[in-house]
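The values are calculated or read from the model by the stated rules, or taken from the named source; none is laboratory data. Since this is a predicted model, take the numbers as computed values, not measurements. Cβ coordinates were reconstructed from backbone atoms using ideal geometry, including for glycine residues, and neighbour counts include every protein chain displayed. Note: areas computed on protein heavy atoms with side chains; ligands, DNA, RNA excluded. Shrake-Rupley method; radii C 1.70, N 1.55, O 1.52, S 1.80 Å.
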Amino acid sequence: MASRGKSETGKLKQNMEEQLDRLMQQLQDLEECREELDNEEYEETKKETLEQLSEFNESLMKLMSGNMTLVDELGGMQLAIQAAISQAFKTPEVIRLFAKKQPGQLRTRLAEMDRDMMVGKLPRDQYTEQKVEILSALRKLGEKLTTEDDAFLAANASATLSQFEKISANLGEFVGIFPENLRSTNSRQTVAELSCDTFCINIRMWNYVPVVSIAQ
């Protein structure tokens, strides 16, 4: 039974990742052909994709409700999707790697960006925006940042990203938002439900997108 449950969880995670990949590819394609579109067409297409992400986010949270295994497996993906919806993160590939918990690939991408910026292949503003996203993602994944990286992040983070940093917990703390005294046996809610409920409340207070609380 345990093996079957693990297999089903793996298949569900793969399905979720494929859906996220499709939506991230839509955003990537949109950015690549931006110059071919007028502003109204670009904004409308982007809005539709973000709405699809929001719907995907709500479905993901319902799946995670009360299931500690799925919270562990998909909590990072949910956090990355919320970063995309709120526009705290705007780079599809960074969002994708964040969602899949790939700190090594994020660091590789950052090293490639450093080289591209040095030789003039990557404009300074794009470099700064993407580096801030990568450093923030690494921090959320529990990676240790250097003093220089911490300073860079503090100096260059946008207001949107700073707000995202404040309301979102580190991945390792996602299930442990509540102190021990709230995890009483008298409560009908599981820790996962409490965590998801709190995250929804935080997002609603943030006022970027409506996310329905799914805890019963």
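Worth a mention:
- Each peptide among 97-108, 73-84 gets the average number of other Cβ atoms lying within 10 Å of its residues, and from highest to lowest they stand as 73-84, 97-108.
- Ranking Met24, Met68 from most to least accessible surface, computed with a 1.4 Å probe over the protein chains only, gives Met68, Met24.
- Cα gyration tensor category, rounded, prolate or oblate, for the stretch 12-111 with a/c compared to 1.5: oblate
- Atom-type composition of the exposed protein surface of the stretch 1-155 places 45 percent of the accessible area on carbon and sulfur (1.4 angstrom probe).
- A 1.4 Å probe over all protein chains sorts Glu36, Glu44, Glu55 by accessible area into Glu36, Glu55, Glu44, starting with the largest.
- ³J(HN,Hα), Karplus 6.51/-1.76/1.60, whole Hz, each residue of the stretch 83-88, x for Gly, Pro: 5, 6, 4, 6, 6, 5
- Among Arg124, Arg109, Arg96, the sequence by solvent-accessible area, most first, with a 1.4 Å probe is Arg124, Arg109, Arg96.
- The stretch 30-154 - accessible surface per residue (Å², probe 1.4 Å): 50 Å²
- Across the stretch 54-67, coupling constants 3J(HN,Hα) worked out from phi with the 6.51/-1.76/1.60 Karplus curve, θ = phi - 60°, read 5, 5, 4, 4, 5, 4, 5, 5, 5, 5, 6, 4, x, 10 Hz, and Gly and Pro carry x.
- Residue pairs, from the table Lys100/Lys166; Lys144/Lys166; Lys6/Lys46, whose Cα atoms sit over 27 Å apart: Lys6/Lys46
- 3J(HN,Hα) couplings calculated from phi for the stretch 32-37 with the Karplus curve 6.51 cos²θ - 1.76 cosθ + 1.60 (θ = phi - 60°) are, in sequence order, 5, 10, 4, 5, 8, 10 Hz; Gly and Pro show x.
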